[in-house]
Amino acid sequence: MPVTDADGITQPRPGEWDGRVLSAGHTADYKPFTFVDGEGVRCSLYVSGCPFSCPGCYNAAAQSFRYGTPYTDELEDRILGDLAQPYVAGLSLLGGEPMLATPILLPLVRRVRAAFGDEKSIWIWSGYTYEQLLGEPPDKRELLEHCDVLVDGPFIQRLYHHDLAFRGSSNQRIIDLPASRRAGTAALWQSGRRDTEDSVPFLAPAPPRS
């Protein structure tokens, strides 16, 4: 049975929450061509359903597995089409709790890898820590295997700071997953690029009016 920790966050036992049972296949939002959910221009999918129930959660409405609208094949095709734009760096998966949305996210990330290989990066945010996910069932571990960067751990309100990049509280780590697999332990991600007028066409200055 889940327990509530000292910060008011619901914590499961290993394997206790099964997205294949809990997920209703709903998404809270989809935002193409954003700059805020990871490095570079990205397409962000927000899934519904999160039982961690972190106090102060920025997207509390999406804690319900029935929030939003059903995920559709048409949305998946649109995401693949948006990712094909040359200035898009990759896909970001947020929630809700993406690790409990494996029935819709596993088919999506398999298509992304089949279409783009490693050309497009995949970032994922989770209330689970990296170490917890390594002990979870195969569907969560396969989703993790397809991703390049994990922002891990629950949002802890007392550790919130507005200057943190891509995360809300200082306990959350930005983890380089390929480097972690090679090292056998969590390795922190470091930025390796900047968006410029050459890599992102719509950052170019507008031509002067005649």
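The values are calculated or read from the model by the stated rules, or taken from the named source; none is laboratory data. Worth saying up front: this structure is predicted, and the values here are computed from it rather than measured. Neighbour counts are summed over all protein chains in view; Cβ atoms, including those assigned to glycine, are modelled from backbone coordinates with ideal geometry. Heads up: the accessible areas ignore ligands, DNA and RNA and are worked out on the full protein's heavy atoms, side chains in. Shrake-Rupley method; radii C 1.70, N 1.55, O 1.52, S 1.80 Å.
Before moving on, here are some points about what is shown:
- Tally, over region 126-161, of residues that are out of contact with any Phe, Trp or Tyr (no Cβ under 9 Å at 6 or more places or on another chain), farther than 19 Å from Ser44 by Cα and not polar (S, T, N, Q): 15
- Evaluating Val47 against the criteria (1) farther than 22 Å from Ile156 by Cβ; (2) surrounded by 20 or more Cβ atoms within 10 Å (Cβ to Cβ); (3) touching a His at 6+ places or on another chain (Cβ under 9 Å) leaves one unmet condition, (1).
- Selection count, region 85-112, where residues are under 12 Å from the mean Cα position of the chain (by Cα) and not β-branched (Val, Ile, Thr): 13
- Flag for Pro138 being touching a helix residue (DSSP H, G or I) at 6+ places or on another chain (Cβ under 9 Å) and surrounded by fewer than 20 Cβ atoms within 10 Å (Cβ to Cβ): no
- Residue in region 5-25 that is in contact with a Lys or Arg (Cβ under 7 Å, 6 or more places away or on another chain), under 30 Å from Leu159 (Cα atoms), of a type outside the set (A, V, I, L, M, F, W, C) and not in a loop (DSSP other than H, G, I, E, B) present: no
- Filtered residues of region 109-125 (kept if surrounded by 17 or more Cβ atoms within 10 Å (Cβ to Cβ) and either among the hydrophobic types (A, V, I, L, M, F, W, C) or farther than 26 Å from Val41 by Cβ (or both)): Val109, Val112, Phe116, Ile122, Trp123, Ile124, Trp125
- Pair list, Cβ under 8 Å, 6 or more apart: region 70-97 residue open to solvent by 60 Å² or more (accessible area, probe 1.4 Å) and in a helix (DSSP H, G or I), other residue at pLDDT 95 or above and aromatic (Phe, Trp, Tyr): Arg78/Tyr30
- Identity of the residue in region 19-34, among the hydrophobic types (A, V, I, L, M, F, W, C) and over 14 Å from the mean Cα position of the chain (by Cα), that ends up nearest to Ala61 (Cα to Cα): Ala24
- Residue list for region 37-69, filter: in a loop (DSSP other than H, G, I, E, B), over 23 Å from Leu134 (Cα atoms) and in contact (Cβ under 8 Å) with a residue 60 or more places away in the chain: Asp37, Glu39, Gly40, Pro55, Gly56, Cys57, Tyr58
- Contacts under 8 angstrom Cβ, first residue in region 173-201 being closer than 26 Å to Leu83 by Cα and of a type in the set (Lys, Arg), partner at pLDDT 55 or above and surrounded by fewer than 14 Cβ atoms within 10 Å (Cβ to Cβ), 6 or more apart: Arg173/Leu188
- Any pair with Cβ under 6 angstrom, 6 or more apart, that starts in region 145-161 at a residue that is over 30 Å from Arg113 (Cα atoms) and ends at one that is of a type in the set (D, E, K, R) and surrounded by fewer than 18 Cβ atoms within 10 Å (Cβ to Cβ): Ile156/Asp7
- Within region 19-44, tally of residues that are more than 23 Å from Thr69 (Cβ to Cβ) and open to solvent by 20 Å² or more (accessible area, probe 1.4 Å): 2
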